1. Restricting the search to the range 1-15, which residues are more than 20 Å from residue 49 (Cβ to Cβ) and at pLDDT below 85?
2. Can you list residue pairs whose Cβ atoms sit under 6 Å apart, with the first residue in the range 27-52 being over 17 Å from residue 14 (Cβ atoms) and the second being aliphatic (A, V, I, L, M) and modelled with pLDDT under 90? Count only pairs 6 or more apart in sequence or on different chains.
3. When the range 1-24 is examined, which residues are found to be without any contact (Cβ under 8 Å) to a residue 40 or more places away in the chain and loosely packed, with under 12 Cβ neighbours inside 10 Å?
4. Quick one: in the range 21-46, of everything that is farther than 21 Å from residue 66 by Cβ and among the β-branched types (Val, Ile, Thr), which residue is modelled with the lowest pLDDT?
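The values are calculated or read from the model by the stated rules, or taken from the named source; none is laboratory data. The structure displayed is predicted, hence computed values, not measured ones. No Cβ is skipped: glycine too gets one built from the backbone with ideal geometry, and neighbour counts run over all protein chains shown.
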Amino acid sequence: MQNNKSILKTANEAIAIEDIEILLTFCDDNIHWLTVGEDAIVGKKAVRRWMKKEYVHPPRFSVTNMVAEGDLAGRYRGDRSRRLRW
């Protein structure tokens, strides 16, 4: 069984190699995807559509710290860049 930090790392790696489907295997069907400055994207299908439309190139991650507690995990320090379609 993977711990939450290793799941988050694997999910981030899936984004980096442009494999949305691997990423979505870690997501609940009722996911609420939050992006700074945008409305929440609700549901796995909506996240899939959004990623296919918005990610021209996969974001680059440089995660320096992650935190995990209970069934939650997230990065709280790191850099990310992505180029969007405009």
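1. 1, 2, 3, 4, 5, 6, 7, 8, 9, 12, 13 - these are the residues of the range 1-15 that are more than 20 Å from residue 49 (Cβ to Cβ) and at pLDDT below 85.
2. These pairs meet every condition: 40/34.
3. 1, 2, 21
4. Ranking the candidates gives 41 first.
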